[in-house]
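Undergrad: One structure, as structure tokens, below. Some questions next.
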Amino acid sequence: MVTQDFLNLRLIRLKGAEEWTLAPGRVSFVFPQGRPGQFVSGLKANRLAPGDVLVVNSTGAVRVRASAGTDMSFWSFAVRLENLYPLFAGYEIARLQSFIDDFKGEKWYSASQPVAAECHRLLRDVTPPVDLRHRSKLLQIVAVILSTEFRQAHRQPPGYVSQE
């Protein structure tokens, strides 16, 4: 079942001490705008600044909150990786389980990283209404992140045995 927040870009505004909890069981994307804030996983709070990208694939709840005494806004949407399986190539599917295991938790991309800049550039092109064009532009952002993660996975293909 697809819920309203899957591939549906939403602007979230937090005032003062408000927090936003990213639901477990999905991959959530957060794009801070304006003032900085924090994301909290467990007991650890991490800075989240405009231009950064936060990707959460967690079984536990991760919270986003404004810095003390300020307001914060961010764009957010979610996907389920299993809904994307038809988009993966054969060699990607072969590596998918180890990739999913490595991709658990939070991935934070600083605004200074090219991947974050590319995601924010693509984000500017996402416009209402929520239709096929809207969802396909969000899929481009997902593709940037997943392609980056696939490139960084330096594992041999499953079943590979060295001659040594």
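The values are calculated or read from the model by the stated rules, or taken from the named source; none is laboratory data. Just so it is clear, the structure is predicted and the values come from calculations on it, not from any experiment. Cβ sites come from the backbone with ideal geometry, for glycine too, and all protein chains shown count toward neighbours. Side chains are part of the model used for accessible areas, which takes the heavy atoms of the whole protein and leaves out ligands, DNA and RNA. Shrake-Rupley method; radii C 1.70, N 1.55, O 1.52, S 1.80 Å.
Undergrad: Can you tell me which condition residue 63 does not meet? The list is (1) in contact (Cβ under 8 Å) with a residue 60 or more places away in the chain; (2) part of a strand (DSSP E or B), and all the others hold.
TA: (1)
Undergrad: From the list 51, 105, 60, pick out the single residue that is at pLDDT 95 or above and open to solvent by less than 50 Å² (accessible area, probe 1.4 Å). Reasoning before the result, please.
TA: On the way: 105 fails: at pLDDT 95 or above; 60 fails: at pLDDT 95 or above.
None of the other options fit; the residue is 51.
Undergrad: Hey, among the residues in segment 134-164 that are more than 15 Å from residue 55 (Cβ to Cβ) and modelled with pLDDT of 85 or more, which one's most open to solvent (accessible area, probe 1.4 Å)?
TA: This residue is 135.
Undergrad: Go through segment 30-53 and give me each residue that's among the charged types (D, E, K, R) and under 13 Å from the mean Cα position of the chain (by Cα).
TA: Step one: list which residues in segment 30-53 are among the charged types (D, E, K, R), which gives 35, 44, 47, 52.
Hit for segment 30-53 is 52, nothing else.
Undergrad: Another question, then. Would you check which residues across segment 32-60 are without any contact (Cβ under 8 Å) to a residue 60 or more places away in the chain and among the β-branched types (Val, Ile, Thr) and list them?
TA: We begin by selecting, within segment 32-60, every residue without any contact (Cβ under 8 Å) to a residue 60 or more places away in the chain; these are 32-38, 40, 42-45, 47, 54, 56-60.
Across segment 32-60, the qualifying residues are 40, 56, 59.
Undergrad: Consider only pairs whose beta carbons are under 6 Å apart and that are at least six residues apart or on different chains; among these, list those whose first residue lies in segment 1-21 and is under 24 Å from residue 134 (Cα atoms) and open to solvent by 50 Å² or more (accessible area, probe 1.4 Å) and whose second residue is small (Gly, Ala, Ser) and modelled with pLDDT of 90 or more.
TA: 10/76; 13/73
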